Amino acid sequence: MSGLSALSLVYIALCYGAAAVFITGLVVKFYGYAATPAPLKIPTTPAPTTVPGVIARLAGEALFFTSLFKGNKWTWAGGYLFHATLALALLRHLRYFLVPVPDIVAMAGPPGVWAGALMTLAVVYLYMRRMTVDRTRSISLFADYFALALIGLIGLTGLIMKFAIRTDVTAVKGFIMGIVTFHPVNIPPDILFLVHLPWRWF
Amino acid sequence: MAKKIETDELTGEIVTPNIEPGATAHYKPNLAAQEHNESLGFPGSKIEGWEEKAIGRMGELLSKYRSLKVYMDTCVRCGSCADKCHYFLGTGDPNNMPVARQELMRKVYRRYFTPGGKLLPGLSGAEDMTGKMLDEWFSYFHQCSQCRRCSVYCPFGIDTAEVSMAARDIMNSVGVGQKYCNEVLGKVLDVGNNLGMEKPALANTLEFLEEDVEEESGVAVRYPLDEVGAEVLLIAPSADFFSSPHIEGFTGYGKVFHEAGVSWTVSSYASEFANFGMFVGNFETMRKVAQRIVDAARELKVKRIIVGECGHAWRVGYSFWNTLTGPFDFLDPKHRTPTHICEFTLDLIKRGVIRLDKSANDDLNVTFHDSCNVARGSRMGDKPGGQFDIPRELIRSVCNNFVEMDQDTIREFTYCCGGGGGLLTDELMELRVKGAMPRAQALHEVMERNGVNTMAMICAICKAQFTKVLPSYGIGMDVVASVHQLVSNAIILGGNRGV
């Protein structure tokens, strides 16, 4: 591994470490749930009676947060905006992970930038809401604020790199492709990128 | 009660209160006595080293119920449920927000079952299982009526009822039981019903009822007990045998069977539909209570089981019986087991088997209170939403005047009466009164606007709770009615055409 700076070594280790924790965690959790019995039927009303009904219900919950919509329109609006724009921004970011860049990812480029901006605003809104509504303030944990702050910081540094202090995207892609192909190279020593990258570690 | 319980003024509006930490920390049910705990196989009183034992039991439950595991992991504290609980709305105590109630267990879960909580308890919101924590558990897990309204609004479908059931089971496992539930369970397992009513008393009651109906109507309607070979075993909540307006509903069941020409019987061995085993979250206790009904059905050689108006028991019957005590292959497969009395009666009406004079209910202006466990824990009939539509259709077919309450307070959004989940006990009266606030507001609105004077329902706990607490809001207990009481009023006896 000669030729890699100490900084790069730390970041490379963290990237792989984070990926390992993430994947292992998911597998362990999923296996744990799958291996645990569910002896009693616990309907979540309104419960569908058919398989297509169940699929529609699940899709509605996963894609449109229907229960949250019933529960609190403001939280739904902020939460939905956040998740939708995050999805679009992530899609755009695939350009750093794929060669050649697929058309759909290329197309997500320009709207992905604005999605990133909206996402950051949505995070600020969700943070403010959590802090100002007396009910949510009383139930919020350090981890709840921390996750939001972290994502907000990622959004912010991303936007700065896009609109103000441009980073060397070729070098960034080189570094990420190095990670993805298991041939790590030196990380571009751009402080904004160094802050922007660590989202996976948490 | 010596002290008058302070209640919100009725305006028809359900207002979310500001939080008031600790407002109801002092509400606690009475501790169960040694004999009651031991009769259910729990330690008589708080055991030595209970902390470790409690964590052990939690681990067992986490490995037995996927639901609990998922519920402990997935909450993101979005707050969607926070203003949905009737006890929070009525008391303002932040621990009565469903999310906070769950957090009482989640804090402990994180401490003992997650890496983050083991390593960095401070940052993860993890806490030790201590006497103080147990105290909070005993208080706040007995301020949950397991009505599941919060689960309707949760983006992950987290069900606080399951959490409070698990918490109560853990507490029972270390000898910290709740008196009301454990005492009642002792009676049902010992005598056959929650009231501890022995067979002679039950026989007397039924005889008296026969005389009463005959005197009033001139028709000899039978209320049979322990008749081997009857077609139907009727399992009713035991309050139906004596309380009002429960017994008016029970009277109605008998008239329906009479007009249908269907032979039926009550069992003295299993004279209770209620199953508090669910409230204390103990599978084995719940199974034992349910098993009595199966045994009685075999003993009496009936073809089908029809159940009376009881909310949580309908959930146990509809959703759990098959797992607990099934299969019911010794019964006639033509019929659903269990069949709800509302399905049975509505079917007869639709087929023109029983004749009705709707005008007998013309002095009533009726609304319907969906009982939580029927609404959110079960279904009825063969269509989605049958648990909402069947009782309504039945009421409309026997009454001319029917009005719905505010749509945010009915069907799957219904508010608990405030006395469910094993909280129907006097020492929790303040909680019960305050928890009835949302329903009282919605009822008040239709009373003012539409002249509603009757709130019909199909749950024994709801009936007992409302007759007791509505007067605190200035609403008379006579508004509370059984659905089969309305049927009973309208049915034309002697019009028997048979099935």
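Size descriptors for segment B:195-290: radius of gyration and Dmax over Cα atoms are 14.3, 47 Å. Considering every alpha-carbon pair of segment A:73-168, the percent of pairs per 5 Å bin, from zero through the bin containing the longest distance, is 2, 13, 20, 22, 17, 11, 7, 4, 2, 0. As a proxy for reagent exposure, A:ARG135, B:ARG149 were ordered by neighbouring Cβ count within 10 angstrom, fewest first; the result is A:ARG135, B:ARG149.
Mean partner shielding of peptide B:154-166, defined as the number of other chain Cβ atoms within 10 Å of each residue Cβ, is 3. Taking other C-beta atoms within 10 Å as the exposure proxy, A:CYS15, B:CYS78 rank A:CYS15, B:CYS78 from fewest upward. At the listed q of 0.11 Å⁻¹, the Debye profile of segment A:6-201, built from one uniform point per Cα, gives log10 I(q)/I(0) equal to -0.69. Listed by number, the DSSP H helices of chain A that run 18 Å or longer by alpha-carbon position along their axis and have mean Kyte hydropathy of at least -0.5 are A:6-35, A:51-64, A:73-93, A:109-132, A:142-163.
Taking 0.692 mPa s as the viscosity and 37 °C as the temperature, the Stokes-Einstein diffusion coefficient of the protein assembly as shown based on its alpha-carbon Kirkwood radius rounds to 118 µm²/s.
Could you pull out the pairs from B:LYS53/B:LYS107; A:LYS41/B:LYS301; A:LYS41/B:LYS69; B:LYS301/B:LYS334 whose alpha carbons sit more than 22 Å apart here?
Numbers: B:LYS53/B:LYS107 17 Å; A:LYS41/B:LYS301 28 Å; A:LYS41/B:LYS69 15 Å; B:LYS301/B:LYS334 16 Å.
Going by Cα-Cα distance, A:LYS41/B:LYS301 fall outside the 22 Å limit.
Using the empirical formula 2.2 N^0.38 Å as the baseline, the Cα radius of gyration of chain B reaches a ratio of 0.97.
For B:VAL15, what charge total do you get from the other residues with a beta carbon under 11 Å from its beta carbon, if Lys and Arg give +1 and Asp and Glu give -1?
So the surrounding residues net to -4.
Please go through segment B:343-451 and write out the trypsin sites (Lys or Arg not before Pro) that DSSP classes as loop and that have at most 14 other C-beta atoms within 10 Å. Walk me through the numbers before you get to the answer.
Details: sites: B:LYS350, B:ARG351, B:ARG355, B:LYS358, B:ARG376, B:ARG379, B:ARG392, B:ARG396, B:ARG411, B:ARG432, B:LYS434, B:ARG439, B:ARG449; in loops: B:ARG351, B:ARG355, B:ARG379.
Sites meeting the loop and neighbour criteria: B:ARG351.
By other beta-carbon atoms within 10 Å, ranking B:ASP370, B:ASP406 with the fewest at the front produces B:ASP406, B:ASP370. The fraction of all Cα pairs in segment B:386-427 landing in successive 10 Å bins from 0 to the largest distance is 22, 40, 28, 9, given as whole percents.
How much net charge surrounds A:ASP103 when only other residues with a Cβ under 15 Å from its Cβ are counted (Lys, Arg +1; Asp, Glu -1)? Working shown, then result.
Values: positive: A:ARG92, A:ARG95; negative: none.
After counting each charged neighbour, the total is +2.
Each Lys or Arg adds one and each Asp or Glu subtracts one; over the other residues with Cβ under 14 Å from the Cβ of B:LEU189, this totals -3. Taking the alpha carbon gyration tensor of segment B:215-351, multiplying each eigenvalue by 5 and rooting it gives semi-axes of 24, 17, 14 Å, largest first.
DSSP finds beta bridges in chain B, and of those with both partners inside it, around 10 percent are antiparallel.
Where both bridge residues fall in the protein assembly as shown, DSSP classifies roughly 10% of the beta bridges as antiparallel.
The numbers here are math on the coordinates, done by the rules we state, and not lab data. None of the values given here were measured: they were computed from a predicted structure. No Cβ is skipped: glycine too gets one built from the backbone with ideal geometry, and neighbour counts run over all protein chains shown.
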